[in-house]
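Here's the structure, in structure tokens; my notes come after.
The values are calculated or read from the model by the stated rules, or taken from the named source; none is laboratory data. Note that the structure is predicted; figures quoted are calculated from it, not measured. Heads up, the Cβs are rebuilt from the backbone with ideal geometry, glycines too, and the neighbour counts pull from every protein chain shown. Surface accessibility is based on the protein's heavy atoms, side chains included, excluding ligands, DNA and RNA. Shrake-Rupley method; radii C 1.70, N 1.55, O 1.52, S 1.80 Å.
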Amino acid sequence: MLFARQSKLKLTIYGIGLLLIALAPLFLSDFRLSLLGKFLAYAIIAIGIDLIWGYTGILSLGHGVYFGLGAYCMAMHLKLASTPNQLPDFMSWSGVKSLPWFWVPFHSAAAAFLLALIVPMIVAFILGYFTFRNRIKGAFFSILSQALVIITVTLFVGQQGYTGGTNGLTNFTTFLGLNLQLQSTKLLFFYLTLGVVLVVLILSTLLVTSRLGNILTAIRDGENRVRFIGYNPVTYKVFIYCLSAGLAGLAGVLFVLQEGIISPAQMGIVPSIEMVLWVAIGGRSTIGGAVLGALITNAAKTTFSEAYPAWWPIMLGAMFIVVVLLLPKGIVGTLTHFFSSWKRNRTQHPKQISTSQEVIET
């Protein structure tokens, strides 16, 4: 009953916050609204990372790969839709004579969307199954996830004729008959992204407050104990890791629809580490904190880079250090801790007064 009340309270707060964001088009410029839509796509990645890191104890420093794979899958469809019955321009420049076989399914928008979810999950399953089965975890798993980033980025950069190389994929014009350059289309994708964030928030909150969520938390706090009482941690860790990768792929789809470009640089080591920092700043084990961390961190990054072009990396780094040292639980985690302490002291205070009165009367 207590968990049900807490879940309702959290979902209510999430709904109010997203409702306020829904009013953003009324007072933000087109450029700022486009940035906010991109930040909301990032928030979906942050939720996925919080599920594996905050609740399951799996620190992945390679989620940029899953984000990039999802974005590339949708970008391949957008590129084909923009050049019907023709080879994409970068293929012609690279001497490719015919469309590669693995590009053919991306003529379909539905196939591109499904592959944007399935491909990251398949890669995550392969990495997760063999590492978790061999009980590789902690820093060793983090290093392996970074190795995956290096391999993937090197592959995408080297295959200029098939992936666009360092330039990536861009110059998209249409999606399902919609002109991607029109402001009405951009506004539609903004609200679509906002709706997806709300759905992911609700489902993730229900997941972490369910029996499955309790098992994931138990794995984080004592994997061997979970194994001794009869559960197989490998199954649960592979499942949540694949789910997190699928969310990153979904975020990549929404990102490329709004940003209009994806390149290997956006799936490298630095972006992957930044994704983890979003969760650390917002608050681990707080689904809403992951969203807040993604929005605040990226908004601060944009603000600093505009106001102080030469100093913004230092200012952003200082913000990370301050939050990690002074707010180890993150923004939402710290606020929750203070609220719980205040509520506990408030409920205990009347009991102390009544006890003191009884002592005096005695």
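I need every pair where a residue in the range 105-128 that is within 16 Å of Gln146 (Cα to Cα) has its Cβ under 9 Å from the Cβ of a residue that is modelled with pLDDT of 95 or more and charged (D, E, K, R), sequence separation at least 6 or different chains.
Correct list of pairs: Gly128/Lys237.
If I filter the range 306-316 for residues that are open to solvent by less than 40 Å² (accessible area, probe 1.4 Å) and within 18 Å of the chain's Cα centre (by Cα), do I get at least one hit? Before the answer, list the steps.
Narrowing the range 306-316 to residues open to solvent by less than 40 Å² (accessible area, probe 1.4 Å): 316.
Filter again for within 18 Å of the chain's Cα centre (by Cα), leaving none.
Among the residues of the range 306-316, not one is open to solvent by less than 40 Å² (accessible area, probe 1.4 Å) and within 18 Å of the chain's Cα centre (by Cα), which makes the answer no.
Inside the range 284-303, can you point out the residues that are open to solvent by less than 50 Å² (accessible area, probe 1.4 Å) and closer than 19 Å to Ile16 by Cα?
The answer is Thr286, Ile287, Gly288, Gly289, Ala290, Val291, Gly293, Ala294, Leu295.
Pull up the range 80-94, narrow it to residues that are in contact (Cβ under 8 Å) with a residue 40 or more places away in the chain and in a helix (DSSP H, G or I), then point me to the one that is surrounded by the fewest Cβ atoms within 10 Å (Cβ to Cβ).
Once the filter is applied, the top-ranked residue is Asp89.
Please tell me if Gly165 is open to solvent by less than 40 Å² (accessible area, probe 1.4 Å), touching a residue at least 40 places away in the same chain (Cβ under 8 Å) and on the phi > 0 side of the Ramachandran plot.
When the stated conditions are applied, Gly165 passes them.
Among the numbered criteria (1) buried (at least 24 other Cβ atoms within 10 Å of the Cβ); (2) without any contact (Cβ under 8 Å) to a residue 60 or more places away in the chain, which one does Ile44 miss?
The one condition Ile44 does not meet is (2).
Assess whether Glu259 counts as being among the acidic types (Asp, Glu), modelled with pLDDT under 95 and open to solvent by less than 30 Å² (accessible area, probe 1.4 Å).
No.
Considering each residue of the range 1-44, count those that are at pLDDT 80 or above, out of contact with any Leu (no Cβ under 7 Å at 6 or more places or on another chain) and under 26 Å from Leu243 (Cβ atoms), and give that number. Even if it seems obvious, please write down each step before you answer.
So the first thing to find is which residues in the range 1-44 are at pLDDT 80 or above, and the list is 16-44.
Subsequent filtering for residues that are out of contact with any Leu (no Cβ under 7 Å at 6 or more places or on another chain) retains 16-17, 19-20, 23, 26-27, 29-35, 37-38, 42.
Imposing the further condition that a residue be under 26 Å from Leu243 (Cβ atoms) reduces the set to 17, 37-38, 42.
Residues flagged as at pLDDT 80 or above, out of contact with any Leu (no Cβ under 7 Å at 6 or more places or on another chain) and under 26 Å from Leu243 (Cβ atoms) within the range 1-44 amount to 4.
For residues in the range 168-188 being touching a residue at least 40 places away in the same chain (Cβ under 8 Å), within 24 Å of the chain's Cα centre (by Cα) and more than 30 Å from Leu155 (Cα to Cα), which is most open to solvent (accessible area, probe 1.4 Å)?
The extreme case among them is Lys186.
Out of Val157, Val149, report the one residue that is within 16 Å of Leu69 (Cα to Cα), assigned to a helix (DSSP H, G or I) and either open to solvent by 40 Å² or more (accessible area, probe 1.4 Å) or free of Cβ contacts under 8 Å to residues at least 40 places away in the same chain (or both). Walk me through how you get there before you give the answer.
Working: Val149 fails: either open to solvent by 40 Å² or more (accessible area, probe 1.4 Å) or free of Cβ contacts under 8 Å to residues at least 40 places away in the same chain (or both).
Just a single option satisfies the conditions, and that option is Val157.
One residue is enough: does the range 24-32 have a residue meeting the conditions part of a helix (DSSP H, G or I) and within 21 Å of Thr209 (Cα to Cα)?
No, there is no match, as no residue in the range 24-32 is part of a helix (DSSP H, G or I) and within 21 Å of Thr209 (Cα to Cα).
Of the conditions (1) closer than 21 Å to Ala294 by Cα; (2) open to solvent by 70 Å² or more (accessible area, probe 1.4 Å), Arg346 fails just one. Which one is it?
(1)
Quick one: Ile58 ticks every box in (1) of a type outside the set (Gly, Ala, Ser); (2) open to solvent by less than 30 Å² (accessible area, probe 1.4 Å); (3) modelled with pLDDT under 90; (4) in a loop (DSSP other than H, G, I, E, B) bar one, so which box is it?
(3)
Scan the range 242-252 and give yes if some residue there is free of Cβ contacts under 8 Å to residues at least 12 places away in the same chain and open to solvent by 30 Å² or more (accessible area, probe 1.4 Å), otherwise no.
Step one: filter the range 242-252 for residues free of Cβ contacts under 8 Å to residues at least 12 places away in the same chain, giving none.
No, the range 242-252 contains no residue that is free of Cβ contacts under 8 Å to residues at least 12 places away in the same chain and open to solvent by 30 Å² or more (accessible area, probe 1.4 Å).
Given (1) out of contact with any helix residue (DSSP H, G or I) (no Cβ under 7 Å at 6 or more places or on another chain); (2) in a helix (DSSP H, G or I); (3) of a type outside the set (Ser, Thr, Tyr), identify the lone condition not met by Trp103.
(1)
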